[in-house]
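Read through the structure below, which is laid out as structure tokens, and then see the notes.
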Amino acid sequence: MEALKSSTFPSLHRQLISTYTFQKPIWHIPSSRRLILPIQRSKFKSFTAISPTTPSTEEEIESEKREEKFEWYEQWYPVCAECDLDKRRPHAKKVIGIDLVVWWDRNDNAWKVFEDSCPHRMAPLSDGRIDQWGRLQCVYHGWCFGGAGDCKLIPQAPQDGPPVHTSSKACVAVYPSCLQNGILWFWPDSDPQFKNIHSTKKPYFIPELDDPSYSNMIISREIGYGYEILIENLMDPAHIPYAHYGIVKTGELPESLKADREGGRPLEISVQKVDVDGFTAKQIFGDNYFIAPCLFYGHYSPGGDDQSTKKTSSDGKKDVGLPPVPTGLPHVPSDKKFMLIFYCVPVSPGRSRLIFAAPRNFTVWLDWIIPRWVLHMIPNLILDSDLYLLHVEERKLRDVGPLNWHKACYVPTKADAFSVAFRRWLNKYGGTQVDWKNKYSGELPPTPPREQLFDRYWTHTVSCSSCSVAYKRLNVLKTALQVISVASVAAVAAAKQSAISIAARYYLALMAVLCFVASKWLSHFIRKTFIYHDYDHAFQ
């Protein structure tokens with residue numbers, strides 16, 4: 001299980017991975033090559049990533065915002081992983097406040113992204129079906145639409161009457177979309193002028209995700225807090241030993257750095273000057289990139305380089321902020337590479353979606369042995385373990401307002417460099433928050449009951465092609481065990497004294513008990529894995 005933990009969701013941050021206590025040499029991840037920078041290095045200058053880096057007054061922020069504005073609706077947004085889409089049915093998705101329906105147009109052999117609203121009476125097309133001719137059918141009145149959004153059939157219109165289905169009012173809004181890196185993307189403007197936007201502007205490309213020599217475990221999860229909090233959390237390596245204690249193990253610290261049981265430590269993070277397109281940051285084990293608005297990714301060297309233990313801090317002191325190299329590992333060749341890739345999708349205020357991938361070019365065979373749904377267990381548990389903390393934090397930050405983030409939050413160390421840089425980018429270029437185009441009042445949804453907040457079925461299982469199948473099959477197995485248990489008891493009770501031997505009676509009784517216990521354990525396992533898993537930090 002230790003090997004599984006280190007393979008499935010090694011960390012939400014590179015710092016954590018670098019400090020794992022791995023049990024097998026296959027998890028010793030090599031230094032990775034540099035990737036092409038998404039933003040020009042010539043624009044950047046290093047700055048000390050602590051609280052004073054954020055603007056100190058509202059006037060300063062307003063002045064900075066006038067420099068350059070980030071256009072939220074002139075970007076490609078990830079919708080979902082293609083592997084979790086079913087070509088037999090339409091899928092409902094929401095991105096940046098826009099209700100979408102994703103469906104497979106077999107006539108064009110492509111995924112299509114429409115507005116999730118029938119032009120007739122605004123019924124959701126995502127609750128419809130794909131008809132026998134490959135058209136998207138609204139099941140409210142049977143209107144059918146082709147891949148270009150044009151209405152193909154209005155059943156209620158007389159065949160010998162005027163062709164009302166050809167009216168522009170009968171068409172559905174079509175959003176530009178494309179497949180890249182195994183993810184379906186869409187452009188949030190259905191104006192015809194953007195029909196061919198993919199030819200001039202493409203989503204940011206990561207070659208490792210398309211490289212067949214890399215393993216590619218991917219998971220998607222709906223999150224009960226907003227986009228800003230999601231990105232901040234993924235950019236925060238310092239919370240890992242605490243919020244995820246008991247799930248992910250970190251390496252042993254030298255006595256000179258040990259401060260508590262969990263293993264918190266100073267961190268050396270250097271952030272480059274923030275640009276409208278994002279920023280670049282450096283840690284001891286590699287570079288990180290934030291590509292606005294959704295992508296945060298990085299690659300690292302997990303202790304294969306000696307400099308990881310020799311590098312000095314900015315004040316000249318040795319061994320400050322440097323996580324120890326994992327012990328007990330053989331040398332890993334430098335051609336081994338590992339990446340963590342996070343797509344953080346704004347859904348609506350207080351809701352976001354995470355698409356996570358962890359490509360590596362070693363032990364690729366492991367993914368052929370371990371089912372994908374098993375690989376999702378640890379990532380889901382990690383997301384659950386700080387879910388409530390972040391849900392509450394978001395509401396407190398909303399009370400103080402985005403412009404007062406740097407005043408309300410005391411961030412005096414370099415461990416918070418990523419969060420400070422992101423807030424600087426958001427305040428300076430992003431208008432302090434996601435532009436929802438007046439679709440929402442700005443209020444966060446009320447906090448739901450804990451079981452609903454930690455729900456895993458509707459936030460992951462039902463939309464994951466692997467977990468949904470495993471959920472159904474394990475439920476069938478549970479029912480079969482219950483049937484066998486009841487049948488064994490019935491057989492013993494119904495058989496006459498001379499019909500079966502005493503040994504057979506004991507065997508049937510034992511089988512009944514074992515099947516009953518197994519079904520109870522399996523029921524608990526199914527609930528924890530696919531439906532609901534709470535997390536209590538006090539007992540970790």
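The values are calculated or read from the model by the stated rules, or taken from the named source; none is laboratory data. What you see is a predicted model, and the numbers here were worked out from it, not measured in a lab. All Cβ positions, even for glycine, are placed from backbone atoms using ideal geometry, and neighbour counts span all protein chains on display. What goes into the accessible areas is simple: the full protein's heavy atoms, side chains included, and nothing from ligands, DNA or RNA. Shrake-Rupley method; radii C 1.70, N 1.55, O 1.52, S 1.80 Å.
Assorted remarks:
- FRET E, pair residue 213, residue 261, Förster distance 30 Å, beta-carbon r, rounded to 0.05: 0.15
- Rounded, prolate or oblate (a/c below 1.5 giving rounded, otherwise prolate when a/b exceeds b/c) for region 177-274 by Cα gyration tensor: prolate
- Comparing Cα centroids, region 260-286 and region 146-175 end up 54 angstrom apart.
- For the pair residue 173 and residue 247 in one chain, pulling the backbone fully straight at 0.36 nm per residue adds 22.2 nm over the alpha carbon distance.
- Mean accessible surface per residue for region 414-471, computed with a 1.4 Å probe while every protein chain stays in place, in Å²: 43 Å²
- Each peptide in 173-183, 386-396 receives the mean, over its residues, of other Cβ atoms within 10 Å, and ordering these scores from highest gives 173-183, 386-396.
- Here the spin labels are modelled as points 7 Å beyond Cα on the Cα-Cβ line, and at residue 517 and residue 166 they lie 7.4 nm apart.
- Solvent-accessible surface of region 139-237, taken per residue with a 1.4 Å probe and all protein chains present: 45 Å².
- Links that overshoot a 29 Å alpha carbon limit, given the list 69/202; 337/396; 201/437; 396/439; 152/437: 337/396; 152/437
- Taken per residue, the accessible surface of region 357-412 reaches 44 Å², heavy atoms only and a 1.4 Å probe.
- Simple spin-label estimate for residue 150 and residue 108 in nanometres, 7 Å along Cα-Cβ: 1.2 nm
- Checking every one of the trypsin sites (Lys or Arg not before Pro) in region 89-143 against DSSP loop status and a limit of 15 other Cβ atoms within 10 Å picks out 106, 121.
- Positive-end ranking of 465, 444, 426 along the dipole of region 395-477, with charges on Cβ about the Cα centre, is headed by 426.
- Karplus-derived 3J(HN,Hα), 6.51/-1.76/1.60, for each residue of region 236-245, Hz, glycine and proline x: 10, x, 6, 7, 4, x, 9, 5, 10, 5
- Per-peptide packing, taken as the mean over residues of other Cβ atoms within 10 Å, places 367-373, 80-86 in the sequence 80-86, 367-373 from highest down.
- Sequence ranges 208-215, 155-162, 273-280, ranked by mean other-Cβ count within 10 angstrom, highest first: 273-280, 208-215, 155-162
- With the simple spin-label model, which puts each label point 7 Å out from Cα in the Cβ direction, the residue 87 to residue 504 separation comes to 5.2 nm.
- Karplus-based coupling profile of region 143-156, in residue order and whole Hz: 5, 10, 10, x, x, 8, x, 6, 6, 9, 7, 10, x, 7, with θ = phi - 60° in 6.51 cos²θ - 1.76 cosθ + 1.60 and x standing for Gly or Pro.
- Between residue 540 and residue 201, the FRET efficiency from the beta-carbon distance, with R0 = 56 Å, is close to 0.75.
- Three-way shape call for region 137-181 based on the alpha-carbon gyration tensor, with the a/c threshold at 1.5: prolate
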